[in-house]
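The values are calculated or read from the model by the stated rules, or taken from the named source; none is laboratory data. No experiment lies behind these values; they were computed from the predicted model shown. Here the Cβ positions follow ideal geometry from the backbone for every residue, glycine too, while neighbour counts run over all protein chains shown. Heads up: the accessible areas ignore ligands, DNA and RNA and are worked out on the full protein's heavy atoms, side chains in. Shrake-Rupley method; radii C 1.70, N 1.55, O 1.52, S 1.80 Å.
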Amino acid sequence: MNSEFQEYISNLLNENVTKINSVSGGDISEAFKIRTSKNAYFLKTNQASTLNMFQTEAAALKHINDTKTIKTPKVIAVDTFKNNAFLLMEFIESKTPTNSDFETLGFQLAALHSHSVDYFGWEQDNFIGTLPQSNTLHKSWADFYVNERLQPQLRLARQSNLLSGNECPPTEKMLQALQPMFQNTKPSLLHGDLWGGNYIISKSGEPYLIDPAMYYGHSEVDIAMTKLFGGFGDNFYKAYHSVHPEDAHTTSRIDVYQLYYLLVHLNLFGNSYYGSVSRILQKYF
Ligand code: ADP
């Protein structure tokens, strides 16, 4: 971070910056912990062209926080300075989660998912990783999930020759296969990219969500993502499902929801995800 940018942030905060450290762990942007005499802040920076990405992230953080079900870091500013776009927020000091923290996370995520509207999608498109994520509104979950989630990723994989044409099922076939398992699915406010790196347990044991790819979709989409790389522990699922119980179609839905994230990984990171993608495509479509 150059001294000019540092001075700009210091003026913006109206606090004296005492220390700046790089924070590792992000795959997209450069991140810093900024300490002042009074507080600590988290700063993400990237090229000016990513301002839109930071703006949608800031809007989602605020929307989730406004539900008062689960916290997100407070956004201080989202803007550009010279060639940089940046997102400045409160820094959350973290600790290793205990079983009881996982239980709290389960209950709070369940409360977030109880926030509903009468459509699937969101008023603005956003991103999943660096890939665009369309949130065009639909009344039907199957229409939304096939047209705004699976098809765009299948098209991308097809264009990059990661999948062949006959491995990509037509829309009608997918809609038909999904109809029975998507009965009784209501819109829930989702984090949208809930892997283990996208929550923080604060020093005082409060869960925070970070880096959302938010929209209104079926609640088990977030659960599917928590299970894709290892799971969040029994206490989390016990608490969560005491509010939103599983049903006879949960296992199949988890598979088809993981398909979206696996397609995203196939498109972002290449062929090592082909096997898992192909297995689910063949099993359900
Ligand atoms: P990227 O969008 O580049 O993937 P992330 O938002 O995932 O970046 O942040 C990178 C890392 O910084 C995360 O792994 C997380 O642990 C940490 N982090 C993110 N936001 C905060 C915050 N507000 N306070 C403290 N640490 C944070």
I'd like the orientation of helix 234-243 relative to the chain: the angle between its Cα long axis and the longest Cα principal axis, in ° from 0 to 90, rounded to 10. 70 degrees
What does the charge count near Asp234 come to, summing +1 for each Lys or Arg and -1 for each Asp or Glu among other residues with Cβ under 15 Å from its Cβ? -1
Roll a 1.4 angstrom probe over the protein heavy atoms and tell me the percent of accessible area of region 3-90 that is carbon or sulfur. 43 percent
On each of the three principal axes the extent of the alpha-carbon atoms of region 119-168, given in whole Å and largest first, is 33, 23, 11
Could you put Thr69, Thr130, Thr250 in order of accessible surface area, largest first, with the 1.4 Å probe and the full protein assembly present? Thr130, Thr69, Thr250
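Check each of the GluC sites (Glu not before Pro) in region 117-182 and keep only those in coil by DSSP with at most 14 other C-beta atoms within 10 angstrom; list them in order.
Loop-located and lightly packed - Glu123.
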For Lys71, residues with placed amide H under 5 Å, excluding near neighbours: Leu209
Whether region 34-192 is rounded, prolate or oblate, judged on the alpha carbon gyration tensor where a/c under 1.5 counts as rounded: oblate
In the P(r) worked out for the chain, what percent of Cα pairs fall beyond 23 Å? 56 percent
Proximal lysines relative to Lys283, as straight alpha-carbon distance under 23 Å, when same-chain residues fewer than 8 apart are discounted: Lys173, Lys227
So what are the ³J(HN,Hα) numbers for region 179-191, from phi and the Karplus equation (6.51, -1.76, 1.60; θ = phi - 60°), rounded to whole Hz, Gly and Pro as x? 3, x, 7, 9, 5, 6, 8, 9, x, 10, 6, 9, 5
Could you tally the net charge around Asn2, taking each other residue with its Cβ under 13 Å from the Cβ of Asn2, Lys/Arg +1 and Asp/Glu -1? -2
Beta bridges by DSSP in the chain, antiparallel share as percent, to the nearest 5: 95 percent
How do Thr56, Thr98 rank by accessible surface area computed with a 1.4 Å probe, from largest to smallest? Thr98, Thr56
Using the Kirkwood radius over Cα pairs, work out the Stokes-Einstein diffusion coefficient for region 3-90 at 10 °C and 1.306 mPa s, in µm²/s as a whole number. 118 µm²/s
In straight Cα distance, which lysines are under 30 Å from Lys38, not counting same-chain residues fewer than 8 positions off? Lys19, Lys62, Lys68, Lys71, Lys74, Lys82, Lys95, Lys203
Sequence of Ser116, Ser29 when ordered by accessible area, the most exposed leading, probe 1.4 angstrom: Ser116, Ser29
Calculate, for Arg155 and Ile28, the FRET efficiency according to 1/(1 + (r/R0)^6) with r their C-beta to C-beta distance and R0 35 Å; round to the nearest 0.05. 0.95
Using modelled backbone amide H atoms (1.01 Å from N, in-plane), which distant-in-sequence or interchain residues come within less than 5 Å of Gln133's amide H? Asn126, Phe127, Ile128
Under 15 Å by backbone N from the virtual spin label 7 Å along Cα-to-Cβ at Asn271, the residues of region 152-174 are 160-164
The distance between the Cα centres of region 67-87 and region 206-285, in whole Å, is 26 Å
Round to the nearest 10 and report in Å² the accessible area of Lys95, as given by a 1.4 Å probe over the protein chains' heavy atoms. 70 Å²
Roughly how many nanometres apart are two label points built 7 Å out from the Cα toward the Cβ at Glu15 and Ser3? 2.3 nm
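Lys and Arg at +1, Asp and Glu at -1: add these up for the other residues within a Cβ distance under 13 Å of Gly197 and post the number.
Around Gly197, the charge tally is -3.
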